[in-house]
Amino acid sequence: MPIVILDRDTSEKIAAGEVVERPLSVVKELVENSIDAGSGSVSVDLEDGGSSVIRIVDDGCGMTRDELELAVCRFATSKIRSFDDLESLATLGFRGEALPSIGAVSTLEITSRLHDAEHGHRITLEGGVKKSVKEAAAEKGTFIEVRQLFFNTPARKKFQKSPSQETAQITHFLARMALAYSSVHFVLSANGRPVFNFPPAVSERERLMELWKLKDADDLKEVDYRKRSISIRGFFCNPCHTRGNRLEIITFVNGRMIKSPLLMQAVQEGYQPFVPDRKFPQALLFLEIPGSEIDVNVHPSKVEIRFASAGQIFREVRDVTAGTVRKFSTAVSAGGSAYSFPVAYQAGKPGYPDFDLRTGEVRESRQGELPGFSGYEEYVSRSADQLTSAGKSEMQGAIAGSGGSFFPLAQILNTYIVGDMNGELVVVDQHAAHERVTYERLVRRDEQSPSSLQGLLFSDVLELSDAESALLMEKLPLFTSYGVELEHFGGNSFRIRAIPAFMSERDAGELIREVLGDLLDGREREGADFGESVRRLMACHGSIQAGRRLTPEEMTALIQSLLKCDDPLHCPHGRPTMARFGKTELEKLFKRRI
Ligand code: ADP
Ligand code: MG
């Protein structure tokens, strides 16, 4: 084909694709514009998760007729004049792309009125084509209505999430904007029903306690740190409240909410000894860094930035975090407890007292208790003759060959089982092994009727965020199908009514939060593999963790169950469950053989 310059319609749609990925991106761009316009109040209204209608009303500075016509043109902005202005940027927007991009893939109507004007104006676009500009009655500020998003880009429309999932993500986004802009009144409604109303001038601390469902003010430590030109301000949550994902490590740089692996990692390292494996802390940080030290122009929707001195920022954030988080332990020892942090870190792990970080109270030891082992014998006998797979026959072939079995020799680091399997030295990762066993149980549950459930009469009430709650309502049947029965209490409260026999209540609560977090994070897509990812997470939560001491009988039972699995050599995530050293490997190790 010869080279041609694409027509305007095509190039606009292509350019829009980068900025407007989904309803959330529209809301993000429009809310940023309202904040840039100095609004004291921003309200967002969605229909069908924003796919049919998104309405945004603000009381910002508004636009004249001429400005309205310019605003919908590409690269039209009132916020910068030259590239150098990016260094001293004081606004969220600067690319001049949002309105034309949204206009290109929807029906867009903007009504706006300056504060001292007698009336306003309305501009209407359809698929990027200007339809009309008229005088119109209007309130002071700007009213934007986006209808039929992606009506002319069917491929994009096909890849959209469900309305409830999109509403959940928009809720998550707006609740965080409300933290950074606490003087702005934010209101969100969906399908005519209020989702939240954050009145202005509530302290950041109060908004945060509400968002993270904290009851004790001592669970938040405030930090205000300044060094040379950098300032780090914000809140760290007590490490006794952790999450199954990184969603609650919230970072703003110069007023812009950004996704920064660097900052997340720095916060995690700062919390390091106090947060268990696969758990994540909660923190809200506002960084102020000179504009000359960052590059904001690296991402079309401006959610990523680059730091000129990344190493320095990393160290400062990590050290500020570590210094603040340590103060929680002071509070504990001031409470008269003899335990210091390293013990607290082991809370809930075997062989150590279960230790409540906040009260300093020591609960009964969990040593020896092994959730997940009841019912294995039944499972083992039921499934033994149904299984056939390469992994299994390889293992069983080796065993059958010498008619031997497994003898546990030791448990190392409370994590690895070392044993003799037919003259082979094997080292088994106890968590990975148990995950495989639990996972295959769940797969079989799909084929058979759900087996043993345990009812919970007095379970804790699960308090979720608005976003999590909206999503859970939609996913209730799915959890039920895996034996986790939930009851909606109204609002964002749920109670766990029943769980599979192999799980503990605490694991079930964490499982629910983790699954919802993954969905909100966009890490898990909806569709055919969703059940699969729930099974994997359930296997993980329903399995003994690394760090639990096992008796020789428990080790033997676990390995026997593992060897009955379809694929005894890998955990459901694909990692190996065991390392084997046969005669040959051992001989090579000691140079008896080349
Ligand atoms: P950018 O925000 O990068 O400048 P946009 O396409 O988002 O680009 O907006 C273009 C211009 O329209 C802005 O620079 C601003 O002057 C004007 N504008 C957009 N939204 C509003 C609003 N809600 N209130 C007042 N002016 C607005
Ligand atoms: Mg903008």
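The values are calculated or read from the model by the stated rules, or taken from the named source; none is laboratory data. Here the structure is a predicted model, which means the values were calculated and not measured. When we count neighbours, we look across all protein chains shown, and the Cβ atoms used for this are built from the backbone with ideal geometry, even at glycine. The accessibility values were calculated without ligands, DNA or RNA, using every heavy atom of the protein model including side chains. Shrake-Rupley method; radii C 1.70, N 1.55, O 1.52, S 1.80 Å.
Numbers for the structure displayed
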read-out: Residue match in segment 256-265 (condition: at pLDDT 90 or above, outside any helix (DSSP H, G or I) and touching a Leu at 6+ places or on another chain (Cβ under 7 Å)); value: yes
read-out: Of all residues making up segment 18-47, the number that are among the charged types (D, E, K, R), surrounded by 20 or more Cβ atoms within 10 Å (Cβ to Cβ) and assigned to a loop (DSSP other than H, G, I, E, B); value: 1
read-out: Residue 94 vs. criteria assigned by TED's automatic domain parsing to the domain that holds residue 47, within 16 Å of ligand 2 (Cβ to nearest atom) and at pLDDT 90 or above; value: yes
read-out: Some residue of segment 119-128 being within 16 Å of ligand 2 (Cβ to nearest atom) and open to solvent by 50 Å² or more (accessible area, probe 1.4 Å); value: no
read-out: Hey, residue 102 outside the structural domain of residue 306 (by TED's automatic domain parsing), closer than 17 Å to residue 145 by Cα, at pLDDT 95 or above and not in a helix (DSSP H, G or I) or not; value: no
read-out: Count - residues of segment 308-317 that are among the hydrophobic types (A, V, I, L, M, F, W, C) and open to solvent by less than 30 Å² (accessible area, probe 1.4 Å); value: 2
read-out: Selected residue (only one of 258, 249 is surrounded by 15 or more Cβ atoms within 10 Å (Cβ to Cβ) and without any contact (Cβ under 8 Å) to a residue 40 or more places away in the chain); value: 249
read-out: Residues within segment 56-74 that are within 13 Å of ligand 2 (Cβ to nearest atom) and either of a type in the set (Ser, Thr, Tyr) or touching a Lys or Arg at 6+ places or on another chain (Cβ under 8 Å) (or both), tallied; value: 1
read-out: Top-ranked residue of segment 79-99 - restricted to ones that are away from ligand 1 (no atom under 12 Å from the Cβ) and in a helix (DSSP H, G or I), ranked as farthest from residue 15 (Cα to Cα); value: 88
read-out: Those residues of segment 57-78 which are open to solvent by 40 Å² or more (accessible area, probe 1.4 Å), within 24 Å of residue 295 (Cα to Cα) and within 7 Å of ligand 1 (Cβ to nearest atom), in sequence order; value: 77, 78
read-out: Residue within segment 48-55 that is more than 14 Å from ligand 2 (Cβ to nearest atom) and either open to solvent by 60 Å² or more (accessible area, probe 1.4 Å) or farther than 24 Å from residue 131 by Cβ (or both) present; value: yes
read-out: Failed condition for residue 584, given (1) under 33 Å from the mean Cα position of the chain (by Cα); (2) part of a helix (DSSP H, G or I); value: (1)
read-out: Evaluation of residue 15 against (1) in a helix (DSSP H, G or I); (2) within 12 Å of ligand 2 (Cβ to nearest atom) (one fails), failing number; value: (2)
read-out: Residue tally, condition within 13 Å of ligand 1 (Cβ to nearest atom) and touching a helix residue (DSSP H, G or I) at 6+ places or on another chain (Cβ under 7 Å), over segment 101-124; value: 8
read-out: So residue 275, is it buried (at least 18 other Cβ atoms within 10 Å of the Cβ), of a type in the set (Val, Ile, Thr) and touching a helix residue (DSSP H, G or I) at 6+ places or on another chain (Cβ under 9 Å); value: yes
read-out: Criterion: over 34 Å from the mean Cα position of the chain (by Cα) and either open to solvent by 20 Å² or more (accessible area, probe 1.4 Å) or over 24 Å from residue 306 (Cα atoms) (or both) - qualifying residue of 113, 95; value: 113
read-out: Condition check for residue 42: touching a strand residue (DSSP E or B) at 6+ places or on another chain (Cβ under 7 Å), within 15 Å of ligand 2 (Cβ to nearest atom) and modelled with pLDDT of 95 or more; value: yes
